[in-house]
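Read through the structure below, which is laid out as structure tokens, and then see the notes.
The values are calculated or read from the model by the stated rules, or taken from the named source; none is laboratory data. Not measured: the values here are computed from a predicted model. Positions of Cβ are generated from backbone atoms using ideal geometry, with glycine treated the same way; all protein chains shown enter the neighbour counts.
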């Protein structure tokens, strides 16, 4: 009995763009994530392992708390412009937080910048997931979601090693600059999407739908 396994990957252009954006953001932050604890202990005055734990808690708790209301707002708002602007905003805030880490010297500053980092991803993640869910290829849902996870995972693995090498050779500042650049590339990559997401005919249909929705609730 022969079993044929089809390993060909055929995805739409919009999926490729969204996956590329995701790879850029995840890979960029993976430059610093594996060595972030070392950065905190080496650069922040008075920092301890407890400080590292608190920073981690700030990120995951704040990001988790923000995601639900953001997602709820995006789902309830007609059209996709809000989702699109949220994705761009999240990527730009991520870049801003990466640049800000370079200036951090005190623990309280570290906590504030980490909160900005959490807010950035708390906005980006639900917006990106919502748009990807609506525009991925419906005939192979598992493939598209697995593709973005695989591509981001490979990118993160590679940049994790590169980040360690760069930090050891040139210091942490260059790593954070690259993280910021990757985040900005994510934003610019997604800015190439609007014509695909909002074709002229569909954009007009969405505008009519939004007006009808407003009139119905006014």
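Table for the structure above
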quantity: Residue in the range 163-184 that is under 18 Å from residue 86 (Cβ atoms), in contact with a helix residue (DSSP H, G or I) (Cβ under 7 Å, 6 or more places away or on another chain) and either assigned to a helix (DSSP H, G or I) or at pLDDT 80 or above (or both) present; calculated: yes
quantity: Candidate set from the range 160-186 (those that are touching a residue at least 24 places away in the same chain (Cβ under 8 Å) and more than 17 Å from residue 117 (Cβ to Cβ)); member that is surrounded by the fewest Cβ atoms within 10 Å (Cβ to Cβ); calculated: 162
